[in-house]
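J.: Structure below; questions to follow.
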Amino acid sequence: MAKPPITWDADAAEQLKRAPFFIRKLARKRVEVAARQQGLDRVTLQLVQQVKQKEMPQ
């Protein structure tokens, strides 16, 4: 069974574009996995920031 596509809010997609090109694919996958785990069908800027904080704490 195919997973339904996840949509990205414009500001979330813009945030992803700011990541270095060599990490974007992995970052996109991790954010989308997090969205699915939370039962979401779209990616928000808040979710991108949440995953970023979890994956790369300062």
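The values are calculated or read from the model by the stated rules, or taken from the named source; none is laboratory data. The structure presented is a predicted model; accordingly, all values stated were derived computationally and were not measured. Don't worry about glycine lacking a Cβ; one is built from the backbone with ideal geometry, like all the others, and counts go over all protein chains shown. With ligands, DNA and RNA removed, areas are computed over all heavy atoms of the protein, side chains included. Shrake-Rupley method; radii C 1.70, N 1.55, O 1.52, S 1.80 Å.
J.: Taking residue 9 as the residue in question, decide whether it is surrounded by 15 or more Cβ atoms within 10 Å (Cβ to Cβ) and of a type in the set (D, E, K, R).
T.: Answer is yes for this residue.
J.: Continuing with this model, one more query. If I ask for residues that are touching a residue at least 12 places away in the same chain (Cβ under 8 Å) and either on the phi > 0 side of the Ramachandran plot or open to solvent by 70 Å² or more (accessible area, probe 1.4 Å) (or both), which ones from the stretch 25-37 would you list?
T.: 28, 30, 36
J.: So which of 47, 16, 40 ends up being assigned to a loop (DSSP other than H, G, I, E, B) and surrounded by 14 or more Cβ atoms within 10 Å (Cβ to Cβ)?
T.: Answer to the check: 40.
J.: Test of understanding: among 49, 15, 53, which residue is more than 11 Å from the chain's Cα centre (by Cα) and polar (S, T, N, Q)?
T.: Among 49, 15, 53, only 53 is more than 11 Å from the chain's Cα centre (by Cα) and polar (S, T, N, Q).
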